[in-house]
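What follows is a set of notes on a single structure, which appears directly below.
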Amino acid sequence: MEISALLLSRIQFAFTVSFHILFPAFTVGLAAFLTFLEGLRLATGNPLYRRLFDFWQRIFAVAFGLGVVTGVVMAFQFGTNWSELSLKTGPIQGPLLGYESFTAFALEASFFGVMMFGRKRVPAWFYLFGCAMVTLGTSLSSFWIMVNNSWMQWPVGFELNEQGVFIPTDWMAIIFSPVVWVRFPHMVLAAYITTAFCVAATGAWYLIDRRLVTEGTTMIKMGLGLASILVPLQLFFGHLTGDYVHDKQPAKFAAIEGRWDNEKPASEILFAIPNASAETNSFAVSIPYLGSLIGSMSFTSEEQGIKSTPREQRPPVLIPFFAFRIMVGCGLVMLVVAWYGYWNTSRRLIEGRRWLLWGIFLCFPLGFIATLTGWFTAEVGRQPWAVYGILHTAQAATPSLTLREVAISLVMFAAVYTTIATAGIIYIYRMLHRGPDIHPHEIDEMLNPKRPLAIGGDDPDTQLAPAE
């Protein structure tokens, strides 16, 4: 493979996107978890929920900041490495990214300060409202990004002018594309499941160390309880996403399946090593008829093979093929762990089964891996198109970029991101290892129990801080 400025630009964008997406995949779900904890605290008055809230709030703040920093750097590349894409699709992508700023960023910026510093300065009900607005802001950010990316996956509501610029003609078609309303829930569910397993894994860590038993057990029960509901729902939306790919991006679907020739009925390849040069698979293990059932909900349908697409329009096969199977494998493992782990937790058997605790703990990266491999499947499978079926990736790159310039920026990005990642991971690890703290007012509540807190009631945390 020839090393070119285009190839390095693609690697650079893939690197920055992959790094950045790790943080939204965690913070979108964590914001909702914090809102849930704050609601429980107000409804029950249980100091445990305040303790867990303050613990995860600190981690949220660090991860949120890292996500913002890495996202800004990623956006610069639209002007440096992909100026032709910005020029041709700017009338559509520009407003969509602007909507993200006006809605999602506005909410996050307005209420993030309330969440971090406002507990003693606003009423309890408003503090809960602020947490909910941060949750809404993070979800809106994901929504506009998914609208933007889904339009590139399946462009609608536009016309091309004489200069080849995409002019929007129907914003409702762009925003309410059926592709968006399949992919957006799929992405949000991925974020919630990732957070759920991080919370459960942290609780398992504490029980393995035989400390913070109450906090650890609660985290496991909450995390696995949420995951046991959301993972099956995620598998359903994953199937709907596969339906859209099958109907609108048949070349990508064939690459994911590793199917080279048209088949009727089609088998489902569980494992193989695709060979693009020979246009065949080695060591294939398949199930007859299942490919037709998955693709068309029929045992007799004909399914398209990769050879039906001209060579110059085919996506790479190896990455989508394996990335998809890794994603599905992670999902199935998380489903089993969530159901079995929650069953044991609800029957108070979890503390005595250290092998299960270790299993839950080791599952903490699965959500991140599934999210990354899902994006690899979607983005690499879209190639060689930047805007599917219309604008090639080679046509979207900045024509004046040299190999030397992109190589230097790639090395600099890798160095800076590695530094950020190392510092962030070490800091978060130390906070996780320390665990939740007991607040002084909790000791008083233990010695002098009070009635459950009412929203807007006499919670001491809602009083204004004394003047300094």
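The values are calculated or read from the model by the stated rules, or taken from the named source; none is laboratory data. Computed from a predicted structure; not experimentally measured. Note that each Cβ is placed from the backbone with ideal geometry, even for glycine, and that neighbours are counted across all protein chains shown.
Among the residues of the stretch 41-78, write down those that are of a type in the set (Gly, Ala, Ser), farther than 28 Å from residue 13 by Cβ and in a helix (DSSP H, G or I). Hit for the stretch 41-78 is 43, nothing else.
To keep it simple, each residue is scored yes or no on (1) of a type in the set (Gly, Ala, Ser); (2) surrounded by 19 or more Cβ atoms within 10 Å (Cβ to Cβ); (3) more than 23 Å from residue 251 (Cβ to Cβ); (4) out of contact with any Cys (no Cβ under 8 Å at 6 or more places or on another chain).
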{"residue": "308", "(1), (2), (3), (4)": "yes, no, no, yes"}
{"residue": "326", "(1), (2), (3), (4)": "no, no, no, yes"}
{"residue": "334", "(1), (2), (3), (4)": "no, yes, yes, no"}
{"residue": "348", "(1), (2), (3), (4)": "no, no, yes, yes"}
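Kindly indicate the residue of the stretch 210-265 that is among the basic types (Lys, Arg) and in contact with a helix residue (DSSP H, G or I) (Cβ under 6 Å, 6 or more places away or on another chain) and also farthest from residue 354 (Cα to Cα) among those meeting that condition. By that ranking, first place goes to 252.
Any residue at all in the stretch 317-332 that is modelled with pLDDT of 90 or more, in a loop (DSSP other than H, G, I, E, B), in contact with a Gly (Cβ under 8 Å, 6 or more places away or on another chain) and more than 19 Å from residue 194 (Cβ to Cβ)? Within the stretch 317-332, one or more residues are modelled with pLDDT of 90 or more, in a loop (DSSP other than H, G, I, E, B), in contact with a Gly (Cβ under 8 Å, 6 or more places away or on another chain) and more than 19 Å from residue 194 (Cβ to Cβ). Tell me yes or no: at least one residue of the stretch 3-12 is among the aliphatic types (A, V, I, L, M), surrounded by fewer than 18 Cβ atoms within 10 Å (Cβ to Cβ) and under 22 Å from the mean Cα position of the chain (by Cα). Taking every residue of the stretch 3-12 in turn, at least one turns out to be among the aliphatic types (A, V, I, L, M), surrounded by fewer than 18 Cβ atoms within 10 Å (Cβ to Cβ) and under 22 Å from the mean Cα position of the chain (by Cα). Residues in the stretch 4-55 that are closer than 18 Å to residue 393 by Cα and among the hydroxyl-bearing types (Ser, Thr, Tyr): 4, 9, 16.
For residue 95, the stated conditions do not hold, so it cannot be described as outside any helix (DSSP H, G or I), of a type outside the set (S, T, N, Q) and within 30 Å of residue 400 (Cβ to Cβ). Filtered by the rule that a residue be surrounded by fewer than 12 Cβ atoms within 10 Å (Cβ to Cβ) and either under 19 Å from residue 318 (Cβ atoms) or touching a residue at least 40 places away in the same chain (Cβ under 8 Å) (or both), the stretch 282-302 gives 282, 283, 285.
Considering the conditions (1) surrounded by fewer than 17 Cβ atoms within 10 Å (Cβ to Cβ); (2) of a type in the set (A, V, I, L, M); (3) under 30 Å from residue 406 (Cβ atoms); (4) at pLDDT 85 or above, residue 22 is excluded by exactly one of them, (1).
Every listed requirement among (1) farther than 30 Å from residue 163 by Cα; (2) surrounded by fewer than 20 Cβ atoms within 10 Å (Cβ to Cβ) is met by residue 37 save one, (2). Exactly one residue out of 236, 253 is closer than 21 Å to residue 370 by Cβ, out of contact with any Gly (no Cβ under 9 Å at 6 or more places or on another chain) and assigned to a helix (DSSP H, G or I): that is 236. Taking residue 371 as the residue in question, decide whether it is of a type in the set (S, T, N, Q), touching a helix residue (DSSP H, G or I) at 6+ places or on another chain (Cβ under 6 Å) and within 30 Å of residue 10 (Cα to Cα). When the stated conditions are applied, residue 371 passes them. Meeting the requirement of 3 or more residues that are farther than 28 Å from residue 174 by Cβ, the helices (runs of 4 or more DSSP H) wholly within the stretch 339-426 are 354-362, 366-382. In the stretch 58-91, which residues are in contact with a helix residue (DSSP H, G or I) (Cβ under 7 Å, 6 or more places away or on another chain), surrounded by fewer than 18 Cβ atoms within 10 Å (Cβ to Cβ) and polar (S, T, N, Q)? Residue satisfying the conditions is 86 alone. Residue 195 falls short on exactly one of the conditions (1) at pLDDT below 95; (2) under 22 Å from residue 25 (Cα atoms), and that condition is (1). Under the condition of being among the small types (Gly, Ala, Ser) and not in a loop (DSSP other than H, G, I, E, B), which residue from the stretch 164-213 is farthest from the chain's Cα centre (by Cα)? Once the filter is applied, the top-ranked residue is 173. Somewhere in the stretch 1-11, is a residue free of Cβ contacts under 8 Å to residues at least 24 places away in the same chain and assigned to a loop (DSSP other than H, G, I, E, B)? Within the stretch 1-11 (the criterion being free of Cβ contacts under 8 Å to residues at least 24 places away in the same chain and assigned to a loop (DSSP other than H, G, I, E, B)), the answer is yes, since at least one residue qualifies.
If you take the residues in the stretch 258-315 that are aliphatic (A, V, I, L, M) and assigned to a loop (DSSP other than H, G, I, E, B), which one is nearest to residue 395 (Cα to Cα)? Checking each candidate, the answer is 276.
Restricting the first member to the stretch 396-411 and to residues that are within 22 Å of residue 87 (Cα to Cα) and surrounded by fewer than 19 Cβ atoms within 10 Å (Cβ to Cβ), and the second to residues that are of a type in the set (Asp, Glu) and at pLDDT 90 or above, the beta-carbon pairs closer than 9 Å and six or more apart or on different chains are 399/84. Of all the criteria given as (1) touching a residue at least 24 places away in the same chain (Cβ under 8 Å); (2) in contact with a helix residue (DSSP H, G or I) (Cβ under 7 Å, 6 or more places away or on another chain); (3) surrounded by 13 or more Cβ atoms within 10 Å (Cβ to Cβ), the one not satisfied by residue 269 is (1).
Within the stretch 79-92, the set of residues being outside any helix (DSSP H, G or I) and at pLDDT 90 or above comprises just one member, 82. Listed by first and then second residue, the pairs linking a residue in the stretch 312-329 that is charged (D, E, K, R) to a residue that is crowded, with 22+ Cβ neighbours inside 10 Å, with Cβ atoms under 7 Å apart and 6 or more places separating them unless they lie on different chains, are 314/251; 314/306. The set of residues from the stretch 195-217 being among the polar types (S, T, N, Q) and within 14 Å of residue 360 (Cβ to Cβ) comprises 202, 217.
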